[in-house]
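Structure record follows, encoded as structure tokens.
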Amino acid sequence: MTVQVSKSVTAIDKINLDAPIFDPGAFRLNDEQAGIITTARELGQTVFAGRAAAYDRDAKFPTENYRDLHRTGLLGIAIPKKHGGLGAGYQTYAIAAAEIGRYCGATALTWNMHVCSTLWSGPLADDLDMDAETRAEHERRRAVHYKRIVEGGAIYSQPFSEGGAAAAGGVAFGTEAKPVKGGWIVNGKKIFASLSGHADYYGVLCTEIAEGEKASRRNTLYLALPAKSDGVSVVGDWDPLGMRGTVSRTLLFKDVFVAEDAALMPRGVYFQAAMRWPHMFLTLSPTYVGLAQAAYDFTVRYLRGEVPGTPPVKRRMYPTKQIAVAQMQIKLEQVKAIWFQAVTEARANPTKEQVLRAYAAQYSAMEGANEIATLAIRTCGGQAMLKSLPLERIYRDSRCGSLMLPWTAELCLDRIGREALYETGESDE
Ligand SMILES: Cc1cc2nc3c(=O)[nH]c(=O)nc-3n(C[C@H](O)[C@H](O)[C@H](O)COP(=O)(O)OP(=O)(O)OC[C@H]3O[C@@H](n4cnc5c(N)ncnc54)[C@H](O)[C@@H]3O)c2cc1C
């Protein structure tokens, strides 16, 4: 069991710090990793957990949490140390994000969009091929972005989805960047753009396309477009089932000039990353591993009569409750095991087995979180699903995971089935 429970039945309102989701000793994490992950967990439990209900109720962006992420250095978690960041690699980031997701799903999910702008342009880009001149230029440009984040607390988002087949990786992005002197003119529309109206820079995925050219995925650009640029607007409302604090409204770009230095990756490097570094698309899953843990933690505390604000009524003595908790614990350990393995082997040019495992890990985390939350509601009973307690929010938030492109639960099934049965280039013709 990963929850530290109160020693005394009378000390019900006393909050002990939760045990880590991944114990550093058991999962062989070093002291530096454990330190960063502990910062995330403590911030999540002591500060974010208390604010989560209001962000959810009002569908309000967690601005105050972002100030705390900046204050604790976590806004720059994946920024290399030489640029003033914490220098965390993929695995450390993923586990820290799971700890944040345990206490506030919307903060963890939006933090992922922000962190990806540094993870993809940082450790991930360092793994990819660039000639020396391109790498030097990339180094100069990313220093600009990293300084804004580390020193100024700038927030980046990652609008990717457009409502067509582009976000699933099928075709080129419909948002277009026309090259002009000193930069590009960007036109397009992004749906479900988390952090809309709250990010300082929108990390837009778009297609570079000159007059008369055909759009190609090879020409994808990743540009940090300043939110205050002329021609940028945020439209539509945001009143969804779950992940309400993400404020994922629609972004419109109308003849927006974006300077060359806005590039988060050099030309051709995003396409190379999508081909050679597939785990880049697994970073939406940590939030949901955290939610799975949260649903389990809640259930154990509730059945022990130890949830603050509820009567100290124990329900743990019924065999049906014990069986349900056992089922939840087994599912949680299954999710944790495959997910930990997948985030540990994130790298350039993974083997076919590692790619299939990454899809399976994404599927397991996204569907597993909701299965565990569903069991939690049934097991704890009616009083536990009141809005005054976190479980019903965890349940709603957990339902959103399997919808996240490009690796929705359905697309993971499609890819695993196809790629397990066909080698590259094989067909039945
Ligand atoms: C809370 C939340 C926050 C989000 N934040 C962001 C964000 O910050 N940035 C961002 O870019 N996006 C974000 N998204 C968007 C998300 O990734 C999807 O793009 C969005 O949910 C729209 O998807 P859809 O299901 O309507 O898409 P559709 O493309 O209409 O897909 C519908 C379903 O069909 C299936 N499908 C799609 N394509 C294929 C295919 N080729 N083959 C087989 N099946 C397919 C998928 O399972 C998909 O779920 C967010 C979504 C949510 C719910």
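Bear in mind these aren't lab numbers, they're just calculated from the coordinates by the rules spelled out. This structure is a prediction, so every number in the text was calculated from the model and none was measured. Cβ atoms come from the backbone with ideal geometry, glycine included; neighbour counts cover every protein chain shown.
Here are some notes:
- Each of 317, 366, 328, 385 was scored by other Cβ atoms within 10 Å of its Cβ. Listed from fewest to most, they are 317, 385, 328, 366.
- Fewest neighbouring Cβ atoms within 10 Å first, the residues 161, 388 line up as 388, 161.
- For segment 19-24, putting each phi into the Karplus relation 6.51 cos²θ - 1.76 cosθ + 1.60 with θ = phi - 60° gives couplings of 6, x, 5, 10, 4, x Hz, in residue order, rounded to whole numbers and with x for Gly and Pro.
- Other residues with beta-carbon under 14 Å from the beta-carbon of residue 131 carry, at +1 per Lys or Arg and -1 per Asp or Glu, a net charge of -2.
- Local electrostatic count, residue 332, Cβ distance below 11 Å [Lys/Arg +1, Asp/Glu -1]: -1
- Which of 18, 68, 239, 255 has the fewest Cβ neighbours within 10 Å, and the rest in rising order: 239, 255, 68, 18
- Charged-residue dipole, Cβ positions (Lys, Arg, Asp, Glu), the chain about Cα centre, Debye nearest 20: 1400
- Cβ-derived FRET efficiency at R0 56 Å, residue 267 paired with residue 323, nearest 0.05: 0.50
- Comparing 399, 217, 418 in a Gaussian network model of the chain, where Cα atoms under 10 Å apart are tied by springs, the biggest mean-square fluctuation is seen for 418.
- Taking amide H positions as modeled 1.01 Å from N, with prolines and chain starts lacking one, the residues under 5 Å from residue 183 and 5 or more places away or on another chain are 260.
- GNM result for the chain, Cα springs below 10 Å: residue of 42, 392, 32 fluctuating most strongly: 32
- For segment 208-323, size of Cβ-based charge dipole, Lys and Arg +1, Asp and Glu -1, in debye: 980
- Among 322, 24, 138 the positive-end extreme of the charge dipole of the chain (Cβ point charges): 322
- Each residue of segment 330-338 was assigned a 3J(HN,Hα) from its phi angle through the Karplus curve 6.51 cos²θ - 1.76 cosθ + 1.60 (θ = phi - 60°); the sequence is 5, 4, 4, 5, 5, 4, 4, 5, 5 Hz, with glycine and proline shown as x.
- Inter-part distance where segment 373-429 and segment 46-83 are each reduced to a Cα centre, Å: 25
- Tilt relative to the chain, helix 409-421 - C-alpha long axis, 0 to 90 degrees, to 10: 70
- Using alpha-carbon coordinates, inclination of helix 49-58 to the longest axis of the chain, degrees: 70
- With each label modelled as a point 7 angstrom along the Cα→C-beta vector, the residue 424-residue 53 pair spans 5.3 nm.
- Placing +1 on the Cβ of every Lys and Arg and -1 on the Cβ of every Asp and Glu, with no other charges, gives segment 336-429 a dipole of roughly 720 debye about its Cα centre.
- With Cα atoms, 0 to 90° folded angle of helix 286-303 axis to the chain main axis: 10
- Computed P(r) (all Cα pairs; the chain; 20 Å bins; percent): 26, 57, 16, 1
- Charge dipole of segment 102-195 about the Cα centre (unit charges at C-beta), most positive-ward option of 161, 175, 192: 192
- Each Lys or Arg adds one and each Asp or Glu takes one away; over the other residues whose Cβ falls under 14 Å from the Cβ of residue 422, this sums to -3.
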